[in-house]
Amino acid sequence: MKHLFQTIFILPFTFFCMVGCKKDIGTFLQGKNNNNTPNFYLAGQSNGKPCLWINGTKNILSNSNGNANQILINGNDIYVTGYYELPNTNLNPGGFMPMQCVYWKNGVENKVGKIIYGQGGFQTTISIVNNDIYYANGQAWENGSQLNFNLANMGFVQQTTSYGSNIYFVGTDSSGKAVYWENGLEHDIISNETKSIVAYSLAVSSNNVYIGGEDSNQIGTVWINGIPENLHFSIPGSYAVFVSSLFANGTDIYAVAELEVPTSMANGSYSYFNNIPAYWKNGIENDLPLNGDSYGNASTVFVNGSDIYVCGNIGSGAVYWENGIETKLGSDYGSVSSILIK
């Protein structure tokens, strides 16, 4: 499964030197490391700056504030998608911060599209099929040109992925109906949909299409070839929204979402909630430890053999869990949005 972005950016000397060194990301570190084990990649942000960790070493991708959303390896090249903020002197009349969507190829920045104002509820993602680069950031792109699939009813695009030679996007059409596109052909997530659902993420495996989102009752849901499976909760009163990541592994489907767990009641109703990191395997909730922190969120799940990795953030900073064991990425404030082992 794959995803992508494109930008050119002039950086101060200190970062320029780092970009030059990042050429080695695609040539020296690709493949096996010195211990003859796969390389371990994480992307996210540290102290507000988009960054890529490779085998525990942090690489800042931009001196501007922003975030790195996804990692993709294609051949000997490492792609990281994300965005960064522009000087606030460019604020639009509504006061929203200007941002530039990008991808970094081996540390070199490439812009995708024009400046946007405010991070618009999407995750920048990338796919590569037959050397063509596809990108999603609310809109759909191919090799730097905006796609409309020759249709007039394209709405908001949340993510892209690929399976074999097929390219997929998920989002909404111009009427607000949740849909996905396969090679430009639009498909309803639910046939003859009459209630409003929301789609955020997708995965494809063995010709099965998995869509993550919320049903008409705003309950976290995974649709498997159009059949809904609600996420189940271990604590009464809990709820989950924004199914942001899916990973298909054989017949198993893994998901992460924003989990809210009740902490108190008032007048017989749950009144306060707390964010708890968790993932779901085939709809069953698996909570992750906070180890003294008061809250946390999971952002992405990745399966490598028998090992389950989840990344995200806790109150004290960026973190990932390997089979439920927490690892913090230093003392900086931050979060992890993507994980890849290859």
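What the table below lists for this structure:
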| read-out | value |
| --- | --- |
| Translational diffusion coefficient (Stokes-Einstein; Kirkwood radius from C-alpha pairs) of region 173-284 at 20 °C, 1.002 mPa s, in µm²/s | 144 µm²/s |
| Ranked packing of 326-338, 96-108, most packed first, by mean Cβ within 10 Å | 96-108, 326-338 |
| Cα shape, region 105-228, gyration tensor, a/c 1.5 rule | prolate |
| Projected label distance in nm at Ser306 and Thr89, using a 7 Å step from Cα toward the beta-carbon | 5.9 nm |
| Links that overshoot a 31 Å alpha carbon limit, given the list Lys58/Lys177; Lys58/Lys111; Lys111/Lys177; Lys114/Lys328; Lys105/Lys177 | Lys58/Lys177; Lys114/Lys328; Lys105/Lys177 |
| Thr57/Tyr295 FRET efficiency (R0 30 Å; Cβ-Cβ; nearest 0.05) | 0.60 |
| More than 14 Å apart - percent of Cα-Cα pairs taken over region 273-342 | 54 percent |
| Exposure proxy order (Cβ contacts within 10 Å, fewest to most) of Phe273, Phe302 | Phe273, Phe302 |
| 20 °C / 1.002 mPa s Stokes-Einstein diffusion coefficient of region 200-245, Kirkwood radius on C-alpha pairs, µm²/s | 195 µm²/s |
| Per-pair calculated FRET efficiency, R0 = 45 Å: Ser331 and His187 via Cβ, rounded to 0.05 | 0.45 |
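FYI, it's all coordinate maths here, none of it is from the lab. What you see is a predicted model, and the numbers here were worked out from it, not measured in a lab. FYI the Cβ positions are ideal-geometry reconstructions off the backbone, even for glycines, and counts take in every protein chain you see.
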